[in-house]
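Have a look at the structure below before the remarks.
Every number here is computed from the coordinates shown, using simple stated rules; none is lab data. Predicted model, so just to flag it, every value in this text is computed and none were measured. Cβ: placed from backbone, ideal geometry, glycine included. Neighbour counts: every protein chain shown.
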Amino acid sequence: MPILGAVSERVSPTPVRARAPRVLAVASNKGGVGKTTVATNLAVYVRALREDLPVLVIGLDDQGFLDRMFTLRPAGPGGGNLKHAWAERSLDRMIQLGQYGVHFVASPPDLASLKARAEDPDTLRRILERTQWDGLVVLDTKSDIEALTLNALHAADRIVLPVADWASLEEAGKLYTILERSDRAARARILLTLVDARTRVDDPHQDLRAVLEAEIGRRGWARYASYLSRSPRVEALNSGHERPLSILHHGQGTVVHRQMRTFADEVLVDLGLGGVGGPRREEAAAEFPMDRLGSVGGWKTALLRGLRGR
């Protein structure tokens, strides 16, 4: 089984294109698998682990989740968003610094006109090639397989497919079929999400995670060794506040906090950006406390801002 946590036991990944930026897309045709949680928090963790690596996150939907999570100040009159960047064929003017030192592009209020300009699935790839960004780009896609999602799949060096249950596994299969048609399947990686060890299947001694891992191996799909557990406390970080909160700063003490740190490190290695390594322990955020502009700061600063929810 091609598991990324053990390089000697897996097929060598397709080399990342020799250009900047590195592009990672998180995609699933099924909602409720933690796709946006993975995309946004991966950006935050990578920024904390690699302060020297600029991180840009782009949402290809009109839900405004990224804007609520990362915006530092209200947009001024005539503020641009992804729709304007698409028209200009460059993101340069629309990139803004956000919370946790992560940069982002504001989401469009309506996707209709943007989708009409995205019929060519290579449009976003060309836009990113023209954008002056030497770092990592994380693309959060909509839960569909329409024009913008196809653009993300064509632009990405790595494609993370969250799988939480059998239904999302089958949806991942649809994406694999699309990727195989364009010779991009080797770029895809399964990430098991919302794992609950208490969920059993037919065999009372076998949990759902084991069943999914076995089926992923049978289909020959590559998957990350990391996985993310279900956590009501982490889910509340998205739904219980006006501004979605990061797991790194507000989910300390949860197993997902440690798992996200491990996953981010694994992604960095897989993308050829170098891993951080080091211990995987609950105090990971204390090792990499960040102030709101992304610099490494003292524990007191991180704690006080965490208490304010900032």
* Structure fact -> Total charge of the residues flanking residue 267 in space, meaning their Cβ is under 9 Å from its Cβ, with Lys and Arg +1 and Asp and Glu -1, is -1
* To do: Add +1 for every Lys or Arg and -1 for every Asp or Glu among the other residues with Cβ under 15 Å from the Cβ of residue 32, and state the total.
  => -4
* What is the set of long-range amide H partners of residue 188 at a cut-off below 5 Å, with H atoms built 1.01 Å from backbone N? -> 159
* Structure fact -> Fewest-first ordering of 28, 239, 113, 229 by Cβ atoms within 10 Å yields 239, 113, 229, 28
* Structure fact -> Under the Karplus relation with 6.51, -1.76 and 1.60 and θ = phi - 60°, whole-Hz ³J(HN,Hα) for the stretch 226-233, x at Gly and Pro, equal 5, 8, 10, 7, 6, 8, x, 5
* Structure fact -> Excluding residues fewer than 8 positions from residue 30 in its own chain, the aspartates and glutamates with Cα under 16 Å of it are 61, 140, 144, 146, 165, 170, 171
* Asked: Tell me, what HN-Hα J-couplings in whole Hz come from the Karplus equation 6.51 cos²θ - 1.76 cosθ + 1.60 at θ = phi - 60° for each residue of the stretch 128-136, using x for Gly and Pro?
  -> 5, 5, 8, 7, 7, 9, 9, x, 10
* Asked: Which whole-Hz couplings ³J(HN,Hα) result when phi for each residue of the stretch 235-251 is put into the Karplus expression 6.51 cos²θ - 1.76 cosθ + 1.60, θ = phi - 60°, listed in order with x for Gly and Pro?
  -> 4, 5, 5, 8, 9, x, 9, 4, 9, x, 10, 7, 5, 4, 9, 10, x
* Structure fact -> Taking the alpha-carbon centre of each part, the distance from the stretch 155-180 to the stretch 58-73 in Å is 23
* Using Cα centres only, tell me the gap between the stretch 128-150 and the stretch 95-119 in whole Å. => 10
* **Sequence-distant residues sharing a close amide H with residue 193 (under 5 Å, placed H)** => 163, 164, 228
* To do: Search the structure for amide H atoms under 5 Å from the amide H of residue 131, placed 1.01 Å from N in the peptide plane, and list their residues when 5 or more places away or on another chain.
  => 91
